[in-house]
Ligand SMILES: [Zn+2]
Ligand SMILES: [Zn+2]
């Protein structure tokens, strides 16, 4: 077998394929034998070696109720004349054989109907750029696993503290400030109107609240969020206001298993459904990319980066501004009151920012808990 490569399997490794009658998109089942043929041919040096390897895989196919055998596909030099890659928009509806409607077909018909050749947007949305590929529903194993995980999770969260405010009546979220994986709503009421801001947080709300508080109290962070822009506008006009925080919804953030971020999706849904006249969020937020999957990448997994990310990325515009100017990043961080606070040992009464506040700021401060346990780095690492 010298200089000849072949399909290698460990002695106790037996291939298993999805059953012909399983609940999978038909094209996956249909193309399975051919794709196995292709794969085994590609890793076999020649047809003779392929024929030696094939029976084990044919056996596995047979036990999954396939009648097709495997056939050798001669190696062909790959030719790729196309240099430019199309930007393809994928639509990945979940597939279930219980659904009678041809979802993919109906979807593509809609593309044809609403973006005909005469349409301005036909160049972006046509059958070459928009494609459908079914995704699979979770299998029984992952349903059971998810169910068990959910039960175990509610068990521990009951033991966890819902609020760690020293004075419970000043809790920003009515005794739920430790809630995580939530979409929150801030209602800013003035004498003549009420504006809403929608935000989300994966770590406990209080961490996010600390950052919001900073942007509402320090003028140099006034452009951090749409909420702080609005508040600073009110402050400049000397308009009294109250901010009322509440939980709009709960959803799970991106996980490695689900590969979906329901937290981001739910936030977008709430923003879409909200009343546009009173909503502070801007439309571009709807196309922002999920940032919760970042921590699953190996190069982002150290606690330092994670902590920085959580503190940076939520302040969206600020983050964007800094990204343009990466050299500024560390210096800017050093100067923030938060960083200054962090370098000192944590003292509950240590409020450096309370003194030089304007009347309007004091008004907001009345709703704020003294001390910043959420800004203690060790504390936040343990929960993010
Ligand atoms: Zn609280
Ligand atoms: Zn997300």
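The values are calculated or read from the model by the stated rules, or taken from the named source; none is laboratory data. Owing to the predicted nature of the structure, the values given are computational and were not obtained by experimental measurement. Because the Cβ atoms are built from the backbone with ideal geometry, glycine has one as well, and the counts that use them run over all protein chains shown.
Remarks
- Some residue of the stretch 88-98 being in a strand (DSSP E or B) and touching a residue at least 60 places away in the same chain (Cβ under 8 Å): yes
- Count - residues of the stretch 234-257 that are outside any strand (DSSP E or B) and either in contact (Cβ under 8 Å) with a residue 12 or more places away in the chain or away from ligand 2 (no atom under 15 Å from the Cβ) (or both): 14
- Residues of the stretch 270-284 classified as within 24 Å of residue 177 (Cβ to Cβ) and part of a helix (DSSP H, G or I), total: 2
A quick yes/no check of all residues on (1) within 17 Å of residue 285 (Cβ to Cβ); (2) without any contact (Cβ under 8 Å) to a residue 40 or more places away in the chain; (3) within 15 Å of ligand 1 (Cβ to nearest atom); (4) assigned to a strand (DSSP E or B):
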residue: 161; (1), (2), (3), (4): no, yes, yes, no
residue: 178; (1), (2), (3), (4): no, yes, yes, no
residue: 192; (1), (2), (3), (4): no, yes, no, no
residue: 214; (1), (2), (3), (4): no, no, no, no
residue: 220; (1), (2), (3), (4): no, yes, no, no
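- Taking the numbered list (1) closer than 24 Å to residue 129 by Cβ; (2) exposed (fewer than 13 other Cβ atoms within 10 Å of the Cβ) in turn, residue 107 passes all entries but (2).
- Matching option when the condition is assigned by TED's automatic domain parsing to the domain that holds residue 278, over 21 Å from the mean Cα position of the chain (by Cα), surrounded by 15 or more Cβ atoms within 10 Å (Cβ to Cβ) and more than 30 Å from residue 28 (Cβ to Cβ), among 177, 194: 177
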